[in-house]
Amino acid sequence: MSVVVAVKPSARKRNAKVGRLVFEDGPRHAFESRADAERWAADLSTGDGHVWVASAHPRDGDDVDCYLVSRATNAKLEAAYDKRRRRMRGDPGSVQESLGGRP
């Protein structure tokens, strides 16, 4: 049995090894089993952005069994959002200061 894994854009953006792999070998890869695909994802994740294999939805139109995915995030933007959310809740430790250091 063959398992076909397609690489999603989130995995390419988060992990340089995955981006290079797609450039050199294309976005689809076949494996003997799901376990082989998961080991492949774990190897790609070492020392770079975390990627994993997720099952394709049964009604998905692509002719693949799984996707290589990642959570492509921008930590600085997320931190700013969290700070704003705490400030809106009235958290006293999240007072916004000007560049001069005064509130």
Report task. Subtract the Cα-Cα distance of Arg20 and Asp48 from 0.36 nm times their separation in residues, and report this length gain in nm to one decimal. Result -> 8.8 nm
Report summary line: Rounded to a whole %, the carbon-and-sulfur portion of the accessible area of the range 1-58 at a 1.4 Å probe is 55 percent
Query raised in the report: Tell me, in nm to one decimal, what length is gained between Asp60 and Ala35 on full extension, where the rule is 0.36 nm per residue of separation less the Cα-Cα distance?
Result: 6.9 nm
**Report entry** Summed residue charge, Cβ within 11 Å of Val51's Cβ, Lys/Arg positive, Asp/Glu negative
**Finding:** +3
Report task. Just the number, please: percent antiparallel of the DSSP beta bridges in the range 1-70, rounded to the nearest 5. Result -> 75 percent
**Report entry** Counted charge near Val7, where neighbours are those whose Cβ lies closer than 15 Å (Asp, Glu -1; Lys, Arg +1)
**Finding:** -1
Report task. Give the shape of the range 1-51 as rounded, prolate or oblate, defined through the alpha-carbon gyration tensor: a ≥ b ≥ c are the square roots of its eigenvalues, a/c under 1.5 means rounded, and otherwise the shape is prolate if a/b is larger than b/c and oblate if not. Result -> oblate
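The values are calculated or read from the model by the stated rules, or taken from the named source; none is laboratory data. What you see is a predicted model; the values in this text were computed from it and never measured. Positions of Cβ are generated from backbone atoms using ideal geometry, with glycine treated the same way; all protein chains shown enter the neighbour counts. In case anyone asks, the SASA skips ligands and DNA or RNA and just uses the protein heavy atoms, side chains included. Shrake-Rupley method; radii C 1.70, N 1.55, O 1.52, S 1.80 Å.
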